[in-house]
């Protein structure tokens, strides 16, 4: 979500259009309103936190709107222009946030887990407790109520400095005492989360914390596809796959994965070259639980293709002993599904090898000579 941050003054005329617009676009925007102390007498709920944000943005008049770090005058034309541009921008960070209820206490606990898709240094995490509807601060400016009014910034208006590393989740836990604020109803609160480049004021992500939120930890894939075709032996619990590409292949195949949980995040990092590996990072809804799938691509040579047809590895599955025909005097390497070398035979002189000491699972048999390399897959099931 992109962030709309409104700096409030005597703005009843603008709000007659702006408030309905916010309600219509509530699923696409994050809204927080900071109370101002001018023009005199100012908002009765003004706090210095709003003044700090006003100074940061360089605001000199109200009503005014800050959208994604840019300050523009309060007109619905400007609001719509900002919205249409911002909705097309790609986000480079995700987060989930949970906050406790405060019905019986003035203490609120807030947990934010952030998953970046790039490196970010000296960014700020802003956590803002707001009240969804207030009426005690309407004054004499024609308003009858205000929505999404800031009540407290956690830990303060300067936020929390965060340094983020690509695809390394970070969890930040904070607690705030809301006593002494202007809150009218403790069961009418919400929490805004903003991740912002403090140097440029650009908002990279924003949204709302979920009250007592619990997030799923399923990071499995339900399918893994190469060029739109499901990998034939795909198993959600198997994380490495080996695919031989035809001779002369230069275009890196397109890999896609579908998560079991639709709220999980799937990130595909294509191979840089062939042969090479495409990785598929899967982060559960909680953004902490993580699985990594790898598709290893090998390009066969023409000679290798011919030999591949003649080389037989059997029985498959096997209970331990494996016959390899057509590979005499070849070098044979056995890898488990994680890519670890478990056995190696130089200048193979026999046709039978013994895998009975290995754990059950899928193994890759790499067979090579000076003129070809080919791979076979075999399942050990004792």
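Here are the numbers for this structure:
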| quantity | calculated |
| --- | --- |
| Matching residues, the range 251-267, being more than 14 Å from the chain's Cα centre (by Cα) and either in contact (Cβ under 8 Å) with a residue 60 or more places away in the chain or in a loop (DSSP other than H, G, I, E, B) (or both) | 251, 252, 253, 254, 260 |
| Test for residue 212: is it at positive phi and in contact (Cβ under 8 Å) with a residue 60 or more places away in the chain | yes |
| Scope the range 354-376; condition surrounded by 19 or more Cβ atoms within 10 Å (Cβ to Cβ) and more than 25 Å from residue 275 (Cα to Cα); matching residues | 355 |
| Pair list, Cβ < 9 Å and 6+ apart or interchain, from the range 13-32 residues that are in the same structural domain as residue 193 (by TED's automatic domain parsing) to residues that are in a helix (DSSP H, G or I) and surrounded by fewer than 17 Cβ atoms within 10 Å (Cβ to Cβ) | 14/76; 17/76; 18/76; 21/76; 21/80 |
| Failed item, numbered, when residue 331 is tested on (1) buried (at least 16 other Cβ atoms within 10 Å of the Cβ); (2) more than 18 Å from residue 275 (Cβ to Cβ) | (2) |
| Filter result (in contact with a helix residue (DSSP H, G or I) (Cβ under 9 Å, 6 or more places away or on another chain) and more than 22 Å from residue 335 (Cα to Cα)) within the range 222-266 | 247, 248 |
| All positions within the range 268-284 that are assigned to a loop (DSSP other than H, G, I, E, B) and buried (at least 21 other Cβ atoms within 10 Å of the Cβ) | 284 |
| So residue 203, is it at pLDDT 95 or above and under 22 Å from the mean Cα position of the chain (by Cα) | no |
| So residue 319, is it modelled with pLDDT of 90 or more and not assigned by TED's automatic domain parsing to the domain that holds residue 227 | yes |
| Given (1) in a loop (DSSP other than H, G, I, E, B); (2) over 12 Å from residue 293 (Cβ atoms); (3) in contact with a strand residue (DSSP E or B) (Cβ under 6 Å, 6 or more places away or on another chain), number of the condition residue 248 does not satisfy | (3) |
| Selected residue [at pLDDT below 95 and loosely packed, with under 12 Cβ neighbours inside 10 Å] from 140, 197, 163 | 140 |
| Residues being in contact with a strand residue (DSSP E or B) (Cβ under 8 Å, 6 or more places away or on another chain), in a strand (DSSP E or B) and surrounded by 13 or more Cβ atoms within 10 Å (Cβ to Cβ) - total across the range 59-86 | 6 |
| Residues of the range 141-164 satisfying the condition of being touching a residue at least 24 places away in the same chain (Cβ under 8 Å) and out of contact with any strand residue (DSSP E or B) (no Cβ under 7 Å at 6 or more places or on another chain) | 141, 142, 143, 156, 157, 158 |
| Meets criteria (at pLDDT below 95, under 29 Å from residue 88 (Cα atoms) and in a strand (DSSP E or B)) for residue 225 | yes |
| Residue match in the range 247-257 (condition: modelled with pLDDT of 90 or more, more than 27 Å from residue 367 (Cα to Cα) and not assigned by TED's automatic domain parsing to the domain that holds residue 93) | yes |
| The range 14-58, subset more than 19 Å from residue 130 (Cα to Cα) and part of a loop (DSSP other than H, G, I, E, B), residue modelled with the lowest pLDDT | 39 |
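The values are calculated or read from the model by the stated rules, or taken from the named source; none is laboratory data. Keep in mind that what you see is a predicted model, and the values were worked out from it rather than measured. Note: ideal-geometry Cβ built from the backbone for every residue, glycine included; neighbour counts use all protein chains shown.
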